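Structure first, commentary second.
The values are calculated or read from the model by the stated rules, or taken from the named source; none is laboratory data. None of the values given here were measured: they were computed from a predicted structure. Every residue, glycine among them, receives a Cβ derived from its backbone with ideal geometry; neighbour counts consider all protein chains shown.
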């Protein structure tokens with residue numbers, strides 16, 4: 001099977017599993033029908049992101065012992081089970097929802113995500129910024145394209161319960177298709193016939209964790225990514241608070257994800273063509289601009305500024321996955337990439353906890369000004385860490 005077919009299967013699978021970032025759309029009927037609070041729903045998003053990271057770590061360590069097809073099969077089963085059980089909950093079943101959606105579905109998408117990214121990047125070792133960008137564009141665009149369809153289905157006769165089941169079926173089906181197409185990363189890398197150029201020696205996870213560069217990179221990614229991660233969790237709510245109708249609020253939440261998706265391909269191509277320093281400086285500037293615009297929108301009650309701010313937020317968040325992927329390979333080598341990447345990607349756990357903190361700030365202050373001030377501070381600190389990031 002050639003690498004174009006592998007890339008296509010990965011893009012298709014990521015398109016549906018990218019509904020992970022459509023949470024601000026998917027949570028709406030849970031609040032209206034089941035009466036769950038914003039804090040309870042944000043806690044589920046945090047749990048989902050934590051399990052997404054854990055699933056990625058499990059995948060990274062299993063890929064050297066278990067065929068990737070088995071990992072993708074497990075992801076398909078867990079995704080179907082998670083979304084199907086989520087569709088059956090009642091108002092008193094919050095914990096069961098956390099276990100089915102947060103734990104099972106989050107774990108499934110994490111298993112799938114790291115496995116597919118590792119295989120595709122091994123195939124495209126000569127163009128890893130572009131290949132990972134294409135995958136992550138599909139992952140990020142899901143919430144607008146598929147998310148708008150899901151929103152229409154949930155508010156129509158199809159209902160939210162059937163919509164959840166449909167999402168589970170589609171994620172499972174595309175994971176199974178990827179399982180049929182993909183093989184072990186080492187095998188596919190050899191088939192690609194290209195040798196990756198890395199500036200760092202191959203390091204084991206233990207060696208990586210002893211490097212100062214790892215901890216600087218880890219903190220930088222947490223602070224930079226929390227801007228997009230937090231805003232995604234309440235994007236629809238911010239739009240509603242500024243007077244948007246339900247349909248427009250869902251569209252704006254999806255627009256953030258579309259910009260996130262397009263930006264991932266764009267940032268990956270920039271990384272390949274302009275190099276690390278240019279890409280990361282641009283990332284830092286855009287990441288600062290995002291909370292500035294959102295804060296301005298909240299303070300001036302401007303829905304138009306919020307729309308621009310959500311787009312910029314999407315682009316700022318788009319830089320993080322390609323940068324994380326490329327820097328992991330560049331700093332720590334390709335040999336242990338899947339394991340090292342899964343460890344670096346654990347930064348999404350504290351990032352998601354910051355999203356919960358921002359939700360609590362809003363609950364206490366009844367305004368989104370405080371959350372966006374916190375995100376602005378995080379963006380500024382991440383920019384200065386970015387300037388001094390190296391392999392030392």
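A compact table of results
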quantity	calculated
Helices (runs of 4 or more DSSP H) completely within the range 1-77 that count 2 or more residues being at pLDDT 85 or above and over 19 Å from the mean Cα position of the chain (by Cα)	3-17, 28-34, 38-62
Looking only at the range 349-373, and only at residues there that are surrounded by fewer than 16 Cβ atoms within 10 Å (Cβ to Cβ) and outside any helix (DSSP H, G or I), the one that is farthest from the chain's Cα centre (by Cα)	366
Filter result for residue 249 (closer than 24 Å to residue 387 by Cβ, touching a helix residue (DSSP H, G or I) at 6+ places or on another chain (Cβ under 7 Å) and surrounded by 19 or more Cβ atoms within 10 Å (Cβ to Cβ))	no
Failed item, numbered, when residue 196 is tested on (1) at pLDDT 85 or above; (2) surrounded by 17 or more Cβ atoms within 10 Å (Cβ to Cβ); (3) part of a loop (DSSP other than H, G, I, E, B)	(1)
Only one of 240, 310 that is surrounded by fewer than 24 Cβ atoms within 10 Å (Cβ to Cβ) and at pLDDT 85 or above	240
Selection within the range 81-98 - assigned to a helix (DSSP H, G or I) and either on the phi > 0 side of the Ramachandran plot or without any contact (Cβ under 8 Å) to a residue 12 or more places away in the chain (or both)	95, 96
In the range 38-69, the residues that are more than 15 Å from residue 233 (Cβ to Cβ) and free of Cβ contacts under 8 Å to residues at least 24 places away in the same chain	62, 65, 66
Criterion (within 18 Å of the chain's Cα centre (by Cα) and either buried (at least 17 other Cβ atoms within 10 Å of the Cβ) or at pLDDT 95 or above (or both)) met by exactly one of 376, 346, 385	346
Candidates 314, 284, filtered to the one that is closer than 17 Å to residue 24 by Cβ and under 22 Å from the mean Cα position of the chain (by Cα)	314
Number of the condition not met by residue 53 [criteria: (1) surrounded by fewer than 18 Cβ atoms within 10 Å (Cβ to Cβ); (2) under 23 Å from residue 114 (Cα atoms)]	(1)
Failed criterion for residue 178 (all others in (1) modelled with pLDDT under 90; (2) assigned to a helix (DSSP H, G or I) hold)	(1)
Single residue of the range 274-303 satisfying the filter (free of Cβ contacts under 8 Å to residues at least 12 places away in the same chain and out of contact with any helix residue (DSSP H, G or I) (no Cβ under 8 Å at 6 or more places or on another chain)) that is surrounded by the most Cβ atoms within 10 Å (Cβ to Cβ)	274
Pairs, first without any contact (Cβ under 8 Å) to a residue 60 or more places away in the chain in the range 201-220, second assigned to a loop (DSSP other than H, G, I, E, B), C-beta under 6 Å, six or more apart	none
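Residues checked against (1) buried (at least 17 other Cβ atoms within 10 Å of the Cβ); (2) closer than 14 Å to residue 268 by Cα; (3) modelled with pLDDT of 85 or more; (4) within 21 Å of the chain's Cα centre (by Cα):
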| site | (1), (2), (3), (4) |
| --- | --- |
| 135 | yes, yes, no, yes |
| 147 | yes, no, no, yes |
| 160 | yes, no, yes, no |
| 164 | yes, no, yes, yes |
| 167 | yes, no, yes, yes |
